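First comes the structure, then the notes that go with it.
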Amino acid sequence: MEWGNYSMYADFVLLGLFSNTRFPWLLFALIVLVFVISIASNTIMIILIHMDSHLHTPMYYLLSQLSLMDILYISTIVPKMLVDQMMGQRAISFAGCTAQHFLYLTLAGAEFFLLGLMSYDRYVAICSPLRYPVLMSRKVCLLIVVAAWLGGSIDGFLLTPVTMQFPFCASREINHFFCEVPALLKLSCTDTSTYETAMYVCCIMMLLIPFSVISASYTRILITVYRMSEAEGRRKAVATCSSHMVVVSLFYGAAMYTYVLPHSYHTPEKDKAVSAFYTILTPLLNPLIYSLRNKDVTGALKKALEKLFESPFFLYFPYLTKLILF
């Protein structure tokens, strides 16, 4: 399909995250480090939850799904960006841009819904502990996960075909490091205001539904915690919920800036910085926030390391084993 002198299916050029930095290779090394740690920490979370029977609970099952989403999420964007920087190339095909756009929307949407539904798990655990095995049964957990993935997929299937059908007849240079919706729409040579309004409403709904669940759940949780007579029970409840609230605040806050705030608040540099935060840093922070403040996870990790270091290979390095464990 042709529009003027431009082909609708021509390659795009990603200007990237490194173009305006004084020390691009230092930033490159930092992103490589963050990417490796993110993949490793989320993978370790999944393995620990699978291996340790004490972690076979609804909360940790949902956390394992969150880690899986984070692995796929960061892998959709960062490897392409790093390879481009190493090879000195910036082009991305129309098909590649479409695939990246769809995966990004699907995984981000799925994480929105999962974080919202995870608050229901905390609500049941604190407000109705005796009914927890029934209200958060295996079937309910499976329904929560399916609902999260389905909600994200619907978002991807709805927005991707519409976004990519616009004729992009500007310079085809995307002032971003991946194919994000606002950056793509700036290249269109037709009026996209109606679609942007529809997308704005869609994003509000995507944020409003999970946020309503979170608000209702944590309002009830705060009331229940306030009424608790035991200081220890109150402390555990606050510690568990605060981790979830930190993750929700980081992820939802960045998304609200990108998709809800008016254009007057946006600049390409700010957009790239905020996008880097929730596409690169959030997958790193999620496992750290949930594991470092959780004695069950740290205990499971220590037991796994002890089993590992009891293997024949590490028996030859007793001092190294003690140093790592203690």
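Read-outs throughout are calculated quantities, based only on the coordinates presented, and are distinct from any laboratory measurement. Because the structure is a prediction, the values reported are computed rather than measured. Glycine also receives a Cβ, built like all others from the backbone with ideal geometry; neighbour counts cover every protein chain displayed.
Okay, here's what the table says:
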read-out: Isolated Cys in the chain, by beta carbon distance under 4.7 Å; value: Cys127, Cys141, Cys202, Cys203, Cys241
read-out: Semi-axis lengths, Å, segment 105-241, gyration tensor of Cα atoms, sqrt of 5 times eigenvalues; value: 41, 15, 12
read-out: Computed over segment 110-173, Kirkwood Rh from alpha-carbon pairs, angstrom; value: 14.2
read-out: Gaussian network model of the chain, springs between alpha carbon atoms under 10 Å - residue of Asn20, Asn286, Asn175 with greatest fluctuation; value: Asn20
read-out: Cα centroid separation, segment 244-274 to segment 46-76 (Å); value: 26
read-out: Base-10 log of normalised Debye intensity for segment 12-93 (one unit scatterer per alpha-carbon) at q = 0.27 Å⁻¹; value: -1.24
read-out: Helix-derived mean residue ellipticity, 222 nm - over the chain, DSSP H n ≥ 4, -39500 (n - 2.57), to 500; value: -25000 deg cm²/dmol
read-out: Nearest 10 degrees, 0 to 90: helix 138-164 Cα axis against the chain principal axis; value: 10
read-out: 14 Å Cα cut-off, lysine pairs counted over the chain (separation 8 or more, or different chains); value: 5
read-out: With Cα atoms, 0 to 90° folded angle of helix 24-51 axis to the chain main axis; value: 40
read-out: Ellipsoid semi-axes in whole angstrom, largest first, where each is sqrt(5λ) of the Cα gyration tensor of the chain; value: 38, 27, 16
